[in-house]
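To keep things clear, I will list the structure first and then write my remarks on it.
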Amino acid sequence: MTDELHHGEAGERSEGAHIQLPAPTFWPMVFAFGLTLLFAGLVTHWAVGVVGFVITFRAALGWWHNVIPHEEHEEVPIEPELRPAPILVETRSVVRLRAGEQGHRQRVPEEVHPYSAGLWGGLIGGAVMAALACLYGLFAQHSIWYPVNLLAGVVIPGMGSATLEQLRAFNGLAFIAALVGHICISGLMGIVYAVMLPMFPKYAPFWAGILMPLFWSGLVATTLNVIDPAMNGRINWLWFVICQLAFGLVGGYFIARSTSIKTMQSWTLAERAFVEAPGVRPVREDEEK
């Protein structure tokens, strides 16, 4: 099968019968041969170098005259029937998508949950977690103050080495420390959940409610075993993991049910600066309603 010949590019519209190409010349090859002899004379005999110099000088002159004062060309005929058809220019224009429009060039996540939902979800999950912890203390230690005093031992020195009767008894300072610490940690963890949930592709409340509590439980157990081994030995880690899972599932479900907010990555500079710029700042969907 023979290859088809085409002359010129598809976009060329010239109707000329010939095209100009640089004229072929043999002087570059002669010049290279002379250079080879010239350098070979450095390691063989001076006569070889002289011959190489003469050939190189003559080839340089010949090559020079192919270009200066006028470059030599040759005419190559063109067969019109072998020329490709010209490209027709259409009047249609390309509509460019703005960043964020129809998911164009957006970063994940496209929507996030409000921090307020994370705060409330953390507090609700913390309440469920505290109820389960008190239930464990009531059935296992016959006192709801046992888990409270253990939690207060994180900030109050000596609680880990207290007697069993002291851990079962009410302690006002330990109660306030445990209450404030539990509220702060629950709220912060809820905000972390609000940021983390949109990054899960599917079943975010389920996976976040299991993976994060398990990771947090392992981290606490490892750290507490080094910092305070005595307190680490008094914690029932099965109930601790159950309470953490309850916090993750309840708080994650509440946060996932909240209204999502689109990120500002698709906003224009005028929108991010909250500048009223008619004609420049487009009206968003939430503003049209």
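Here are the numbers for the structure shown:
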| item | result |
| --- | --- |
| Filter result for P201 (within 30 Å of H113 (Cα to Cα), in a loop (DSSP other than H, G, I, E, B) and free of Cβ contacts under 8 Å to residues at least 60 places away in the same chain) | yes |
| Selected residue [in contact with a strand residue (DSSP E or B) (Cβ under 9 Å, 6 or more places away or on another chain) and either in contact (Cβ under 8 Å) with a residue 12 or more places away in the chain or acidic (D, E) (or both)] from A194, A162, A169 | A194 |
| Identity of the residue in the stretch 149-186, part of a helix (DSSP H, G or I) and touching a Phe, Trp or Tyr at 6+ places or on another chain (Cβ under 9 Å), that ends up surrounded by the most Cβ atoms within 10 Å (Cβ to Cβ) | N149 |
| Where F254 falls short, out of the listed (1) in a helix (DSSP H, G or I); (2) at pLDDT below 85 | (2) |
| Hits in the stretch 113-148 - residues which are touching a strand residue (DSSP E or B) at 6+ places or on another chain (Cβ under 8 Å) and buried (at least 18 other Cβ atoms within 10 Å of the Cβ) | H113 |
| Condition check for P198: surrounded by 15 or more Cβ atoms within 10 Å (Cβ to Cβ) and at pLDDT 80 or above | yes |
| Answer residue from the stretch 53-91, given it is exposed (fewer than 10 other Cβ atoms within 10 Å of the Cβ) and at pLDDT below 75 and is nearest to Q20 (Cα to Cα) among those | P80 |
| The stretch 221-245: number of residues that are part of a helix (DSSP H, G or I), at pLDDT 80 or above, within 18 Å of Y146 (Cβ to Cβ) and among the hydrophobic types (A, V, I, L, M, F, W, C) | 7 |
| S143, sole failed condition from (1) more than 30 Å from A208 (Cα to Cα); (2) in a helix (DSSP H, G or I); (3) of a type outside the set (V, I, T) | (2) |
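The values are calculated or read from the model by the stated rules, or taken from the named source; none is laboratory data. These numbers were taken from a predicted model, which means no experiment stands behind them. Note: ideal-geometry Cβ built from the backbone for every residue, glycine included; neighbour counts use all protein chains shown.
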